[in-house]
1. Give, as ranges by residue number, the residues of the range A:39-63 whose backbone N falls under 19 Å from the point 7 Å along Cα→Cβ of A:Asp85.
2. How many nm is it between the label spots at A:Thr30 and B:Asn53, if each spot is 7 Å from the Cα in line with the beta carbon?
3. With a cut-off of 8 Å between alpha carbons and a minimum separation of six or more residues, what is the relative contact order of the range B:384-573 in percent?
4. When the gyration tensor of the range B:141-207 is built from Cα positions, what are the square roots of 5 times its three eigenvalues, in whole Å, from largest to smallest?
5. Run the simple label-point estimate for B:His321 and B:Arg454 please: 7 Å along Cα→C-beta, distance reported in nm.
6. Nearest 0.05, what FRET efficiency do B:Thr269 and B:Arg353 give at R0 = 35 Å with Cβ-Cβ as r?
7. Please give the FRET efficiency for B:Leu121 paired with A:Thr20, using the beta carbon to beta carbon distance and R0 = 30 Å, rounded to the nearest 0.05.
8. Provide the convex hull volume over Cα atoms per residue for the range B:201-308, in Å³.
Amino acid sequence: MKKVTYNTYAYERLSEIISTTFQIPRERVTPELRQEDVERWDSFQHLTLTMEIEAAFNITFQTEDVPEMRDVEGIMRVLRMRGVDI
Amino acid sequence: MKTDTYRCLLIGDSTLNPLIPFLQEGPPPIEVTLAPFDQVSQVLLDHSLPCWNPLPDIVVIWTRPERAVPAFGKRLYGIDVKDRTIIKEVNEFTALIAQIAPNVRLVLVASWALPYLNRGLGMIDFRHPMGITPSLMRMNLQLTEKLKSLPNVFILNSQYWIASAGENAHDPKMWALGKISFGRKVFIEAALDIKAAIAGTFGQGKKLIALDLDNTMWGGIVGEVGWENLSIGGTDPIGESFAEFQRALLTLKRWGILLAIVSKNEESTALEAINKHPEMVLRRDDFAGWRINWNDKAENLVDLVTELNLGLQSVVFIDDHPAERARIKETLPEVFVPDWPEDPALFAQTIRRLRCFDMPAITKEDSVRTQQYVAERRRREIKKNFSSIEDWLKTLQLRVTVECINRANLPRAAQMLNKTNQFNLVTRRMSESELWQWSQHKNHYIWLFRVSDRFGDYGTTGLASLRIEAGSAYIDDFLLSCRVMGRGVEQTMLHKAISYVRVSDVSRLIGRYIPTSKNKPCADFLSGSGFQQDNEPTTYIWPIEKDFPLPSHIELIEIDSEKVNKESYEESHI
């Protein structure tokens with residue numbers, strides 16, 4: 001398994017948003033967590049998640065980014081693409 | 001009637017899911033149900049749909065103008081439609097709202113606005129028949145016109161939410177991805193306004209602003225620089241900021257909010273400044289009361305609130321000093337202590353943006369409320385000269401006027417029912433339309449009591465309701481504004497109720513006291529009034545053989561002792 005280090009603050013913030021939006025415990029949020037693992041992660045909540053991340057990191061996703069973000073790893077990839085150090 | 005959690009049904013034609021968490025944040029507690037997406041007319045017409053079961057307390061209707069009024073949608077894309085077609089469709093929309101309104105306690109309708117920038121026809125938009133902005137204005141005015149006769153329907157200004165969100169009010173990506181028409185900030189602002197309207201409707205609005213003086217109402221410390229050198233008004237920008245803040249406060253006072261002073265100062269020095277400074281906007285008689293001394297502000301505030309017969313939960317505390325704010329927050333958690341900016345230029349807009357003064361109506365009592373407290377101050381000064389309460393009461397020349405509930409006094413009746421805490425037998429909360437419907441039952445009676453004396457008019461301050469059932473009369477509501485407690489008005493109300501049932505065919509009058517954390521004064525009064533008490537200590541019984549005399553110092557005027565013609569709610573509203 002490859003070793004990855006994350007910018008702790010940004011990662012913590014993202015985990016907090018995910019856990020609040022889907023009402024799951026913080027410990028469940030890992031980079032491997034996927035949409036299908038989370039009961040409340042439906043298409044509406046996915047958009048709410050997008051809005052919350054945009055607001056928290058003060059960025060604007062492009063339309064094509066949104067379907068990419070189906071797991072935490074994907075969200076982080078897109079965030080890096082939009083200039084967030086995570 | 002009062003439930004701790006309000007059930008709210010959200011009806012819209014765009015995705016309103018992001019609004020839900022913001023509505024569920026903070027008080028009052030709200031349980032939200034979302035109606036099926038984009039089926040506004042069907043939902044409003046078909047009450048068998050699951051979203052109507054259980055029946056919500058509150059309905060929020062938030063539509064897009066181009067969808068609710070399809071003719072406007074055509075005009076938005078340049079298709080030639082007539083104004084009258086647009087108006088006709090607005091009327092159809094309002095008819096749907098009018099027919100659900102009597103079924104719920106509160107209906108909130110978002111005004112129509114475009115969340116994105118649309119210049120329409122540019123420089124000719126306002127003069128061309130196809131102009132976008134004037135069409136929207138006309139639609140909103142028509143909406144207002146059609147809905148304003150419905151007492152429980154209110155239009156909330158969605159343009160305010162959109163303006164607060166600025167550029168981010170609409171995200172075209174979110175619209176394309178999931179028909180979300182509004183940005184996150186719009187939802188936040190909307191939720192705050194909706195919650196403020198709910199709190200206001202159900203009597204949780206604030207009634208009193210307690211203010212510091214030095215560097216809160218004027219620039220400088222009066223005890224150090226003297227009133228002549230305070231910064232207020234004039235050409236100085238700081239002084240101008242304080243004057244504007246005072247104008248904002250005066251506006252609130254005119255709308256029925258009380259102002260009071262809690263300041264660490266010499267009383268005479270501070271009052272001299274208030275009276276003498278030529279640029280002061282607020283003067284002594286604009287304040288319902290004050291505590292200007294060197295005591296602890298929390299103690300002063302409690303003392304003042306007691307004097308004004310209010311509860312701490314109806315108080316807003318404003319002080320430029322963070323330590324004073326922290327002290328109040330810590331010792332009196334019921335008091336609302338808003339974060340206060342350092343720059344006086346921001347004071348006026350900060351108070352205007354507080355969402356705690358919403359009220360479902362402004363009654364005559366609201367607009368003269370401060371005057372009543374000023375008269376009360378004079379009464380107290382006179383009272384000091386009398387050795388007994390009875391002697392003092394005799395000199396007041398109290399006059400109580402009783403009338404049945406009617407259309408004109410309904411808003412005030414509902415307001416009292418929802419705001420009175422301390423002298424309130426059952427603390428039953430009802431909206432205007434619920435109260436009216438209740439009063440229209442043939443065995444239900446509601447009386448309103450108006451009180452005046454030689455110092456002035458207290459306004460309508462008492463309400464009693466009776467229900468006659470199976471040979472007994474029940475007092476369902478018995479409430480009195482604390483301002484007039486202890487002056488024989490409560491006895492006058494009982495006299496009226498008991499005299500009324502004595503000539504009818506019942507054997508006894510029963511009052512069932514429902515205790516809350518605040519309404520002990522009402523129980524104390526009944527316990528001391530000669531009622532019999534059942535096994536249960538909360539049931540008070542008056543045998544009908546016994547008279548309840550009118551206090552000798554009171555003149556009672558009955559406007560209409562017989563029940564007024566009962567008109568049906570629907571007839572007068574649609």
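1. Only A:56-60 fall inside the zone, counting backbone N under 19 Å.
2. Label-label distance for A:Thr30 and B:Asn53, simple model: 4.5 nm.
3. Numbers: 326 pairs, mean separation 52.2, N = 190.
After rounding, I find 27 percent.
4. 27, 16, 10
5. In this crude spin-label approximation the distance works out to 4.3 nm.
6. Calculated transfer efficiency: 0.60.
7. Once rounded, the FRET efficiency stands at 0.10.
8. For the range B:201-308, the hull spanned by Cα atoms encloses 102 Å³ per residue.
The values are calculated or read from the model by the stated rules, or taken from the named source; none is laboratory data. Predicted model only: the values in this text are computed from it and were never measured. Cβ atoms come from the backbone with ideal geometry, glycine included; neighbour counts cover every protein chain shown. Only protein heavy atoms, including side chains, enter the accessible area calculation; ligands, DNA and RNA are left aside. Shrake-Rupley method; radii C 1.70, N 1.55, O 1.52, S 1.80 Å.
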